[in-house]
Structures are given as C-alpha cells and as structure tokens.
Amino acid sequence: MSAPRATRTTALPAGAWWLWALGLATAASRTTDPLLLGLLVGVAGYVVAARRTEAPWARSYGAFVKLGLVVIAIRLVFAFFLGSPIPGTHTLVTLPEVPLPDWAKGVRIGGRVTAEGMMFALYDGLKLATLLICVGAANALAHPARLLKSLPGALYEVGVAVVVAMTFAPNLVADVQRLRAARRLRGRPDRGVTALLQVGMPVLEGALERSVALAAAMDARGYGRSADVPRAVRHTTSVLTLGGLLGVCAGTYGLLGEAGGYGLPLLLAGLAAALGGLWLGGRRSVRSRYRPERWGVRAWLVAGSGIAVAALMIWANSYAPGALHPPAVPLTAPVLPLWPAASVLVGLLPAFVAPLPSSGDRADRTASRGRGRAVDVDPRAKEPTP
C-alpha cells in the first residue's frame with residue numbers, strides 16, 4: 001500500500017498521531033532498559049524525519065530532544081552531589097560530606113559516589129527523557145489545534161485550554177528560530193547569553209500579541225456560549241461522567257492489582273457511563289464542525305501501531321520483567337531482549353503508511369537549507385553576498 005501525498009482530505013487526524021505517540025510513551029514508562037529506550041527514541045525520530053512537514057510548529061522536535069538531554073544531565077548531577085538510594089560497591093569518587101541536623105535524616109550532600117548509583121540515575125533520567133521525546137514527536141507531526149475537531153462537544157472548553165497550553169512550546173521554538181535567523185541576516189551573533197537575552201523580549205512580545213489575537217478570535221467565534229439544557233439532563237450528565245470516570249479508575253486499579261475479577265467489568269461499565277455522559281454533555285455545545293476529521297484505514301493503522309507497542313510492552317512485563325528492568329546492583333551490562341525489541345519496531349508502521357508530506361513542503365525545506373548554506377551575510381555590505 002503506497003502512501004499518497006498529504007492533502008487537506010488525506011492528511012491524518014491529529015488524534016491518530018497523538019495515540020501513536022502516547023503508545024510509545026506508555027511503552028517507555030514500562031521499562032528502564034537503556035537499549036529499549038534508545039530504540040523507542042530511534043523509532044520516534046525516524047517517523048518524525050519521514051513524515052513531518054515544514055510548518056513552524058513541526059520544528060519543535062529538536063527542542064524536545066535537547067530538553068531530554070538536559071533532564072538526563074540534571075538527574076546525573078543530583079545523583080552525583082546528593083547521593084543515590086541504591087547501595088553500591090564500586091566507588092567512583094568520595095566527596096566531602098556536609099553534616100546535616102537530625103531532622104534531615106535520609107538526606108545527604110556529598111559522600112561516596114558509586115557506579116551503581118550513577119547507573120540507576122542514568123536509567124531513570126533516560127526513561128523520563130524518552131517520555132518527553134515521544135510527546136515532542138506528537139507535537140512535530142500533528143498541530144495540536146486540530147485535536148479540537150476530534151473532541152466531543154462536552155469537552156470543548158477544556159480542550160481549548162489544553163490545546164492552547166500544548167501550542168506554547170512549538171510557537172516558542174518557532175519564534176526563537178525566526179529571531180535567530182533575523183539576527184544572522186543582520187550580521188549579529190545568535191548564540192550565547194547576550195543573544196539569548198536580546199531575543200527574549202521580542203519572544204515575549206510575540207506571545208502577548210498571540211494571546212490577544214487568540215482571545216479576540218475566541219470571542220468572535222462564540223467561545224463559552226452554550227445552549228439551554230433542562231436541569232435533569234445536566235444532573236444526569238454530571239452523574240454519568242463523574243461516576244464513569246470513577247469506575248474507569250477503579251477498574252484500572254483492579255486490572256493492575258490482584259483483584260482482576262471485578263476490574264474488567266468495572267472498567268467497561270465506567271467507560272460506557274463516561275461515554276454516555278459525554279454524549280449528553282455535547283448537547284450543550286452550539287458550535288458547528290467545519291471539515292470534521294475523518295478516520296480512514298491509514299489513521300487506524302497509525303493509532304493501532306502505537307497502541308500495539310504499548311500493549312505488547314505491558315504484556316512483556318508479565319513474561320520477561322527482568323529483561324525490561326536491568327538491575328543496577330550488581331553492575332551488569334544491559335541486554336536487548338528480542339521480543340520486546342521486535343514489538344517496539346511495530347511503531348515504525350506510520351513511516352510507511354502515513355501520507356507523505358506535500359511536495360511543496362519538501363521543496364521549501366530543501367530550498368531553505370540550500371539558502372542557509374549558500375548565503376553568507378557580510379555586516380558591512382548592503383546586500384547578501386553568495
């Protein structure tokens with residue numbers, strides 16, 4: 001099945017990309033094996049490189065990767081100076097220990113730094129970094145604003161708030177890149193603390209302008225207005241929604257715990273009640289849907305691949321828990337388990353079935369890269385010199 005070019009009608013719904021990314025993130029939360037986590041990062045990066053567009057919001061993936069590296073570094077620094085709860089026998093260095101009062105027992109500053117403790121901190125930081133990178137992949141592949149078309153009417157107000165929050169990082173990255181490019185064209189430095197401080201004020205000004213424009217657009221489109229619904233329907237909606245969510249929480253706890261007998265029925269009943277409450281709550285929304293998102297075969301394949309990766313990794317915890325969680329004590333080299341690694345590779349399916357970026361996006365990307373390499377700005381010249 002050859003993938004077509006992405007158009008307004010063939011583009012995948014944003015919900016499909018987010019389900020795929022959340023599936024990879026769920027798989028990352030079920031393991032601490034650095035090889036499996038690195039494989040998850042590689043799968044996400046390959047799909048992003050193959051299917052992202054050249055839109056400004058699609059350039060935020062690199063920022064999430066850098067943020068993940070910062071998280072790993074911070075976790076290692078904390079483990080180095082504040083110690084680790086993991087006992088170890090391989091001492092790397094012994095720092096001067098700061099004496100603390102009795103009420104601060106369990107906390108230490110300095111002391112012995114072991115290889116086992118640093119390895120445990122590396123596994124922990126890599127796990128959190130992989131979660132961030134998976135979220136960054138979703139931000140790079142699907143505009144968060146398109147999620148509003150997939151939300152039920154009862155969650156429209158909450159969905160708008162969540163989408164506005166999620167678009168903060170992509171818009172911030174796009175503004176910083178635009179301002180750095182403008183500084184380069186003017187022959188000014190775009191790196192360092194001084195350049196960062198000079199870029200910060202225009203970025204803040206752009207964020208304020210976007211917030212004012214967004215508020216005006218929301219008011220013009222009737223945001224916050226709702227239809228008149230009888231009181232009995234409102235009460236029924238609240239009871240079904242809250243009761244359904246409580247049932248989902250209790251059923252999930254039962255499935256994850258030992259009481260699996262009542263967990264599945266309670267989970268299904270909670271889902272049914274919550275869906276019924278959302279359906280009734282949608283009657284209060286008076287908004288119309290323009291070009292609603294359509295889920296085709298490719299969208300279900302993309303979403304299903306992420307869900308399959310999460311389900312297979314959760315299942316792997318039942319038959320190979322030791323392989324997914326390599327011990328830091330004793331200090332041993334991690335091993336890549338075969339079947340969990342094969343299940344992670346299922347996440348590569350979107351790179352082959354999702355629609356290709358439009359030719360215009362590819363041409364713009366190539367041209368922009370070529371211009372960045374071929375043009376050099378001389379601050380003393382009036383025009384760019386090749």
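Give the residues of the stretch 80-121 that are open to solvent by less than 70 Å² (accessible area, probe 1.4 Å), touching a residue at least 60 places away in the same chain (Cβ under 8 Å) and not in a loop (DSSP other than H, G, I, E, B), sorted by residue number.
Residues satisfying the conditions are 115, 116, 117, 119.
Report, by residue number, each residue of the stretch 21-38 that is more than 13 Å from the chain's Cα centre (by Cα), open to solvent by 10 Å² or more (accessible area, probe 1.4 Å) and not hydrophobic (A, V, I, L, M, F, W, C).
Those that are more than 13 Å from the chain's Cα centre (by Cα), open to solvent by 10 Å² or more (accessible area, probe 1.4 Å) and not hydrophobic (A, V, I, L, M, F, W, C): 30, 32, 34, 38.
Could you list, ordered by first residue, the pairs with Cβ atoms under 9 Å in which the first is in the stretch 323-345 and more than 11 Å from residue 33 (Cα to Cα) and the second is among the aromatic types (Phe, Trp, Tyr) and open to solvent by 20 Å² or more (accessible area, probe 1.4 Å), at least 6 apart or interchain?
329/120; 339/319; 343/315
Given 63, 50, 44, 28, which one is farther than 30 Å from residue 181 by Cα and touching a helix residue (DSSP H, G or I) at 6+ places or on another chain (Cβ under 7 Å)?
On the way: 63 fails: farther than 30 Å from residue 181 by Cα; 50 fails: farther than 30 Å from residue 181 by Cα; 44 fails: farther than 30 Å from residue 181 by Cα.
Just a single option satisfies the conditions, and that option is 28.
If you scan the stretch 214-245, which residues turn out to be within 26 Å of the chain's Cα centre (by Cα) and at pLDDT 75 or above?
Scanning the stretch 214-245 gives a single hit, 245.
Scan the stretch 184-207 residue by residue and report those that are modelled with pLDDT of 75 or more and open to solvent by 100 Å² or more (accessible area, probe 1.4 Å).
Scanning the stretch 184-207 gives 184, 185, 186, 188, 191, 201, 205.
Considering only the stretch 267-386, give the helices (runs of 4 or more DSSP H) lying wholly within it that have at least 1 residues that are open to solvent by 70 Å² or more (accessible area, probe 1.4 Å) and modelled with pLDDT of 85 or more. Full working, then the answer.
Working: elements: 297-319, 321-324, 338-344, 350-353, 359-374.
Per the criteria, 297-319, 338-344, 350-353.
For residue 39, indicate whether it is in contact with a Leu (Cβ under 8 Å, 6 or more places away or on another chain), in contact (Cβ under 8 Å) with a residue 24 or more places away in the chain, assigned to a helix (DSSP H, G or I) and under 20 Å from residue 18 (Cα atoms). Write out each step before concluding.
Numbers: in contact with a Leu (Cβ under 8 Å, 6 or more places away or on another chain): yes; in contact (Cβ under 8 Å) with a residue 24 or more places away in the chain: yes; assigned to a helix (DSSP H, G or I): yes; under 20 Å from residue 18 (Cα atoms): yes.
It is true that residue 39 is in contact with a Leu (Cβ under 8 Å, 6 or more places away or on another chain), in contact (Cβ under 8 Å) with a residue 24 or more places away in the chain, assigned to a helix (DSSP H, G or I) and under 20 Å from residue 18 (Cα atoms).
Identify, from the list 51, 5, 59, the residue that is at pLDDT 85 or above and charged (D, E, K, R).
Working: 5 fails: at pLDDT 85 or above; 59 fails: at pLDDT 85 or above.
Result of the check over 51, 5, 59: 51.
Spot the failing condition for residue 126; the list is (1) outside any helix (DSSP H, G or I); (2) at pLDDT 85 or above; (3) open to solvent by less than 50 Å² (accessible area, probe 1.4 Å), and only one is missed.
Just one mismatch for residue 126, condition (1).
The values are calculated or read from the model by the stated rules, or taken from the named source; none is laboratory data. Because the structure is predicted, anything quoted here is derived from the model rather than measured. With ideal geometry, Cβ positions are generated from the backbone for all residues, glycine too; neighbour counts draw on all protein chains shown. Accessible surface is based on the protein model in full, side chains and every heavy atom, while ligands, DNA and RNA are left aside. Shrake-Rupley method; radii C 1.70, N 1.55, O 1.52, S 1.80 Å.
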